[in-house]
1. So which helices (runs of 4 or more DSSP H) stay within segment 201-292 end to end and still have 3 or more residues that are surrounded by fewer than 19 Cβ atoms within 10 Å (Cβ to Cβ) and not aromatic (Phe, Trp, Tyr)?
2. Answer with yes or no whether Glu57 is closer than 19 Å to Val91 by Cβ and not hydroxyl-bearing (Ser, Thr, Tyr).
3. Of the conditions (1) in contact with a helix residue (DSSP H, G or I) (Cβ under 6 Å, 6 or more places away or on another chain); (2) surrounded by fewer than 23 Cβ atoms within 10 Å (Cβ to Cβ); (3) under 19 Å from Ala167 (Cβ atoms), Ala89 clears all except one; give me its number.
4. Just checking, how many residues over segment 102-114 are crowded, with 22+ Cβ neighbours inside 10 Å and part of a helix (DSSP H, G or I)?
5. Got at least one residue in segment 26-33 being more than 21 Å from Ala158 (Cβ to Cβ), modelled with pLDDT under 95 and in a loop (DSSP other than H, G, I, E, B)?
6. For residues that are closer than 24 Å to Gly26 by Cβ and surrounded by 15 or more Cβ atoms within 10 Å (Cβ to Cβ), tally how many sit in segment 151-172.
7. Kindly indicate whether Ser72 is of a type outside the set (A, V, I, L, M, F, W, C), modelled with pLDDT under 95 and either out of contact with any Ser or Thr (no Cβ under 8 Å at 6 or more places or on another chain) or in a loop (DSSP other than H, G, I, E, B) (or both).
8. Counting just the residues of segment 186-200 that are within 30 Å of Ala158 (Cα to Cα) and touching a Phe, Trp or Tyr at 6+ places or on another chain (Cβ under 7 Å), which one comes out surrounded by the fewest Cβ atoms within 10 Å (Cβ to Cβ)?
Amino acid sequence: MEISKVGVVGCGLMGSGIAEIAATSGFDVKVREMTDDFLEAGQKRIRKSMDRAVEKEKLSADDRDAAWKRLSFTTVVEDLDDRDIVIEAIVENLESKNELFGALDVLCGEGTIFASNTSSLTITDMAAATSRADRFVGLHFFNPVPVMKLVEVVRTIATSQTTFDRAFAFAHSLGKVPIAAKDNSGFVVNLLLVPYMLDAIRQLERGVASVSDIDTGMMLGCGYPMGPFTLCDFVGIDTLYKISEIMYDEYREERYAPPPLLKRIVAMGRFGRKSGQGFYDWSGDKPVPMPI
């Protein structure tokens with residue numbers, strides 16, 4: 001069954017990016033948000049991203065306008081009942097996700113695939129809350145979605161081969177490079193990346209080196225495009241904290257446990273680049289390390 005109609009639930013950073021690439025790839029896309037204000041913010045985010053792509057000559061003005069016409073927006077979950085695939089990109093909370101998929105399960109046809117963009121929760125825990133565990137996958141995109149090529153396609157023990165193949169082909173049709181991942185918390189990338197970021201924080205706690213020196217060391221010593229603390233600020237320190245708690249609960253291994261310093265920074269409301277302060281102060285022309 002060919003996928004032509006795409007539903008996206010959530011129009012924040014990830015949802016808006018997913019909606020954008022689906023529309024620019026030729027799909028009919030319907031985006032659902034909780035309120036009109038959230039929808040308006042998401043629309044502005046998509047439009048700004050598309051305009052930037054035109055300015056950089058990565059997208060023609062005609063293609064941008066055509067993609068925009070393929071997008072529609074709603075606050076009514078029932079409007080997603082005709083979609084071939086529905087991708088969830090809402091808050092990283094299992095109860096909220098299961099409530100959403102429970103409602104969609106009743107509304108959508110038997111052929112509709114459900115997919116979650118979760119970065120740390122297991123897909124099985126969501127699929128089990130529906131009557132279509134065989135038609136449920138993970139589609140984990142990376143931020144910023146229009147730029148990052150990777151998509152982790154996550155298969156549970158109940159996902160059918162047909163569903164996995166359709167989801168894998170769909171990710172490929174978006175111009176992405178899909179990889180197959182087992183349904184374990186963190187999948188492939190976060191399973192390896194989160195302990196790296198957490199260990200950098202632990203070494204900072206131990207006084208091994210400063211924020212800027214650790215970042216510089218990993219960039220120049222390992223050839224990384226950015227250091228672990230800059231990466232933390234881009235990911236979102238609150239997001240990292242939430243992911244680490246979920247992964248520690250899953251594995252009970254110390255390397256996934258959030259360090260005390262991470263918890264303190266979150267408590268101070270320093271969430272990283274999105275809030276203006278994290279390990280760095282982002283208010284000026286260049287990021288400046290914050291007091292720790």
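The values are calculated or read from the model by the stated rules, or taken from the named source; none is laboratory data. Quick caveat: nothing in here was measured; it's all calculated off a predicted structure. Note that each Cβ is placed from the backbone with ideal geometry, even for glycine, and that neighbours are counted across all protein chains shown.
1. Fully inside segment 201-292 and qualifying: 211-222, 237-251, 260-267.
2. no
3. Of everything listed in (1) in contact with a helix residue (DSSP H, G or I) (Cβ under 6 Å, 6 or more places away or on another chain); (2) surrounded by fewer than 23 Cβ atoms within 10 Å (Cβ to Cβ); (3) under 19 Å from Ala167 (Cβ atoms), Ala89 misses just condition (2).
4. Going through segment 102-114 one residue at a time, the tally reaches 1.
5. There is no residue in segment 26-33 that is more than 21 Å from Ala158 (Cβ to Cβ), modelled with pLDDT under 95 and in a loop (DSSP other than H, G, I, E, B).
6. Total meeting the criteria: 10.
7. no
8. Pro195
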